[in-house]
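The values are calculated or read from the model by the stated rules, or taken from the named source; none is laboratory data. Because the structure is predicted, anything quoted here is derived from the model rather than measured. We place every Cβ from the backbone using ideal geometry, glycine too, and count neighbours over all the protein chains shown.
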Amino acid sequence: MICTTVREGQDCVFMTAQGCSYNEGSCLPIIDECKGCQRCAEFASGVYCTAAPDPSLKWKNGNCNMATHIKTATETQKQKLNPIKASKRR
């Protein structure tokens, strides 16, 4: 349904005919770690995340999995090649 509380006009899964069914009755504003993310949107009542109703829970155990401004560096370890086996593969 369309949100009528803080993110007016946005589609929200927590909105029911009785109002917002989220834990505290409305979405919570973003936290400092969310600044710079493309999923943040400014509304009349403040800046809110469009992906999560409570952004602090997303950052509780490390980086938010929905954050667009965080780059994850994956290190690949080079395996030591046995030259004898490598020559047999060719």
Cross-chain or 6+ apart pairs with Cβ under 7 Å, segment 1-21 first and farther than 15 Å from A51 by Cα and free of Cβ contacts under 8 Å to residues at least 12 places away in the same chain, then assigned to a loop (DSSP other than H, G, I, E, B) and not charged (D, E, K, R): S21/F14
Residue satisfying condition, being under 12 Å from the mean Cα position of the chain (by Cα) and not acidic (D, E), within set A52, A73, A86, A41: A52
Qualifying residue in segment 42-55 (condition: among the charged types (D, E, K, R) and over 23 Å from E8 (Cβ atoms)): no
Hits in segment 46-64 (condition: assigned to a loop (DSSP other than H, G, I, E, B), surrounded by 10 or more Cβ atoms within 10 Å (Cβ to Cβ) and either on the phi > 0 side of the Ramachandran plot or not aliphatic (A, V, I, L, M) (or both)): T50, P53, D54, W59, N63, C64
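Only one of E8, E24, E33 is among the acidic types (D, E) and surrounded by 14 or more Cβ atoms within 10 Å (Cβ to Cβ); which?
Among E8, E24, E33, only E33 is among the acidic types (D, E) and surrounded by 14 or more Cβ atoms within 10 Å (Cβ to Cβ).
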All positions within segment 30-61 that are of a type outside the set (G, A, S), in contact with a strand residue (DSSP E or B) (Cβ under 8 Å, 6 or more places away or on another chain) and touching a residue at least 24 places away in the same chain (Cβ under 8 Å): I30, C34, C37, R39, Y48, T50, P55
Test for A73: is it more than 18 Å from G9 (Cβ to Cβ) and among the small types (G, A, S): yes
Segment 69-90 residues that are closer than 30 Å to C37 by Cβ and at pLDDT 75 or above, paired with ones that are assigned to a helix (DSSP H, G or I) and of a type in the set (K, R) (beta carbon under 8 Å, 6 or more apart): none
